[in-house]
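Inspection log for the structure reproduced underneath, given as structure tokens.
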Amino acid sequence: MKQKRHSSEIISLFFIVSFLAMTLAVKGQDTTRVSPPLPENINKIVSASCMPCHSAKGGMMARSKLNFTEWTSYSVEKQKGKANDMYKELSKDKMPPKDARENNPAIIPTKEQVDIIKKWADSFQ
């Protein structure tokens, strides 16, 4: 009888410790790694100028460099790097590429839009 009671106490203790460990693991999760979506003002620019190529529907090479369909799955660090790269390419008139600019001039971001992208890229901490 004493052996059964001892076993049930050990089992109960095991479940309590397991429950506490799981609870602490959830509370201790690092929420700083939650990747934010594109802000609405950036999304408007990206939708018009970038997503035709840099999305799930775009070309393989463009998607491999930057895929806005997967933006929220990027770490904040990766988002920061991509945002800065995006500004650099736009400010040098390298994006959208020359052939896309010639075929569809409406996709070329304005200077004001590039400035908005710069401010957004700089806002990452």
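We did not get these values from a lab; they are worked out from the coordinates using the rules stated. Every value quoted in this text rests on a predicted model; they were computed, and no experiment measured them. Backbone-built Cβ (ideal geometry, glycine too); neighbour counts: all protein chains shown.
Tabulated values for the structure
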item: Residue order, fewest to most surrounding Cβ atoms within 10 angstrom, among S123, S91, S55; result: S123, S91, S55
item: Within-9-Å neighbourhood charge of H54 [Cβ basis; K, R +1; D, E -1]; result: +2
item: Residue pairs, from the table K82/K118; K92/K118; K44/K80; K78/K98; K78/K111, whose Cα atoms sit over 22 Å apart; result: K78/K98; K78/K111
item: Ranked E70, E89, E102, criterion: other C-beta atoms within 10 Å, fewest first; result: E102, E70, E89
item: Neighbour net charge for E112 - beta-carbon separation under 14 angstrom, K R +1, D E -1; result: +3
item: Sparse-neighbourhood loop sites, trypsin sites (Lys or Arg not before Pro) in the stretch 59-125 - DSSP loop, at most 10 other Cβ within 10 angstrom; result: K92, K94
